[in-house]
Amino acid sequence: MEYVAAYHTDVGISKKTNQDSLAIKVVETKKGKIAFAIVCDGMGGLSKGELASKEVIMAFSDWFDNTLVDTVNKKGFSEDELVSQWNNIIQIQNKRLGEYGEKNNIMLGTTVSAILLYNDDYYIVHVGDSRVYCIADRVLQLTKDQTFIAREIAAGRMTEEQAKTDPRRSVLLQCVGASQVVEPEFVKGKVVKDAIYMLCSDGFRHQITEQEMMEKIGPAAVKTEQDIEFGCRYLTQTVKNRKETDNITVAVIKTV
């Protein structure tokens with residue numbers, strides 16, 4: 001399978017630093033092409049959020065470059081091994097960031113949403129409220145928000161309309177670096193051809209609709225890397241025009 005990928009990240013209209021971090025990698029192996037993308041949103045109100053997100057991105061990038069590709073080339077792919085390695089990265093980073101915070105008397109943390117596409121399957125690891133979507137004939141959210149309001153909505157104690165204005169909408173149930181215990185969500189599914197796999201921080205999605213996502217970065221709207229980048233920039237500017245105050249990040253992989 002072939003992949004076309006692009007991204008855009010923006011500090012937004014009110015913050016001085018961009019605490020979002022991301023990476024996208026597409027490589028050729030002896031067993032075919034592999035695509036990987038990850039978005040981390042450093043906790044906005046927590047000190048050193050940009051440090052937390054970048055540290056996690058670097059850890060996953062190092063794993064991809066120095067472990068995954070080599071393993072696939074030498075002995076093939078193992079789903080169990082992948083889940084174990086991803087969980088290990090997150091637990092190590094949670095411990096390291098937690099210890100750094102204690103030593104320096106600060107709090108820092110980050111969300112993590114990553115996807116690996118290999119052959120006919122995708123694999124996702126997820127902590128927090130960044131999201132992974134599949135956009136094909138419709139917009140499908142592949143991850144579940146690990147937030148207070150998402151839990152309340154699921155339990156029937158809050159409506160979607162109430163959640164939009166609830167002051168607790170940014171409260172996370174867990175994140176890497178600021179939680180004593182982190183239990184990542186792992187998701188596996190079948191890759192859809194001619195589809196968009198989109199990762200984004202929460203700042204990207206608050207002020208736009210799924211229909212707008214479909215129109216600007218859906219499969220029919222984008223063919224090339226330049227098309228994808230234009231769509232990402234267009235939607236980011238739309239979000240800024242609608243007064244979103246958070247950092248804004250979106251990463252896209254199209255399957256061909």
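Descriptive notes on the structure:
- From the list 254, 223, the lone residue that is more than 22 Å from residue 13 (Cβ to Cβ) and open to solvent by less than 20 Å² (accessible area, probe 1.4 Å) is 254.
- Residues satisfying the stated conditions in the stretch 66-90, i.e. exposed (fewer than 15 other Cβ atoms within 10 Å of the Cβ) and closer than 17 Å to residue 186 by Cβ: 78, 79, 80, 81, 84, 88
- Single residue of the stretch 184-237 satisfying the filter (of a type in the set (Gly, Ala, Ser) and farther than 11 Å from residue 135 by Cβ) that is modelled with the lowest pLDDT: 203
- For residue 63, the criteria (1) closer than 25 Å to residue 178 by Cβ; (2) open to solvent by 20 Å² or more (accessible area, probe 1.4 Å) hold in every case but one, which is (2).
- Considering residues of the stretch 226-243 that are of a type in the set (Val, Ile, Thr) and more than 19 Å from residue 5 (Cβ to Cβ) only, the residue most open to solvent (accessible area, probe 1.4 Å): 238
- Lone unmet requirement of (1) touching a Ser or Thr at 6+ places or on another chain (Cβ under 8 Å); (2) touching a residue at least 24 places away in the same chain (Cβ under 8 Å); (3) outside any helix (DSSP H, G or I) for residue 169: (2)
- Of the criteria (1) farther than 30 Å from residue 92 by Cβ; (2) touching a Lys or Arg at 6+ places or on another chain (Cβ under 6 Å), which one residue 148 fails: (1)
- Selection from the stretch 126-138 of residues that are surrounded by 15 or more Cβ atoms within 10 Å (Cβ to Cβ) and over 26 Å from residue 109 (Cα atoms): 134, 135, 136
Residues checked against (1) within 27 Å of residue 216 (Cβ to Cβ); (2) free of Cβ contacts under 8 Å to residues at least 40 places away in the same chain; (3) among the aliphatic types (A, V, I, L, M):
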position	(1), (2), (3)
9	yes, no, no
20	yes, no, no
24	yes, no, yes
39	yes, no, yes
52	no, no, yes
62	no, yes, no
90	no, no, yes
93	no, no, no
107	no, no, yes
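- Within the stretch 139-158, the set of residues being free of Cβ contacts under 8 Å to residues at least 40 places away in the same chain, open to solvent by 70 Å² or more (accessible area, probe 1.4 Å) and assigned to a loop (DSSP other than H, G, I, E, B) comprises 157 only.
Quick grid of which residues meet (1) touching a helix residue (DSSP H, G or I) at 6+ places or on another chain (Cβ under 6 Å); (2) over 22 Å from residue 198 (Cβ atoms); (3) modelled with pLDDT of 95 or more:
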| position | (1), (2), (3) |
| --- | --- |
| 10 | yes, no, yes |
| 20 | no, no, yes |
| 34 | no, no, yes |
| 42 | yes, no, yes |
| 45 | no, yes, no |
| 77 | no, yes, no |
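- Residue 36 fulfils the conditions (1) open to solvent by 20 Å² or more (accessible area, probe 1.4 Å); (2) under 21 Å from the mean Cα position of the chain (by Cα) except for a single criterion, (1).
- Residue in the stretch 182-192 that is within 26 Å of residue 246 (Cα to Cα), surrounded by fewer than 18 Cβ atoms within 10 Å (Cβ to Cβ) and under 19 Å from the mean Cα position of the chain (by Cα) present: yes
- So residue 246, is it on the phi > 0 side of the Ramachandran plot and open to solvent by 10 Å² or more (accessible area, probe 1.4 Å): no
- Residues of the stretch 73-101 that are in a helix (DSSP H, G or I) and closer than 15 Å to residue 123 by Cα: 79, 80, 81, 82, 83, 84, 85, 86, 87.
- Checking residue 49 against (1) under 22 Å from residue 239 (Cα atoms); (2) open to solvent by 50 Å² or more (accessible area, probe 1.4 Å); (3) under 17 Å from the mean Cα position of the chain (by Cα), the condition it does not meet: (2)
The values are calculated or read from the model by the stated rules, or taken from the named source; none is laboratory data. None of these values were measured; they are calculated from a predicted model. Cβ sites come from the backbone with ideal geometry, for glycine too, and all protein chains shown count toward neighbours. Ligands, DNA and RNA are excluded from the accessible area calculation, which covers all protein heavy atoms including side chains. Shrake-Rupley method; radii C 1.70, N 1.55, O 1.52, S 1.80 Å.
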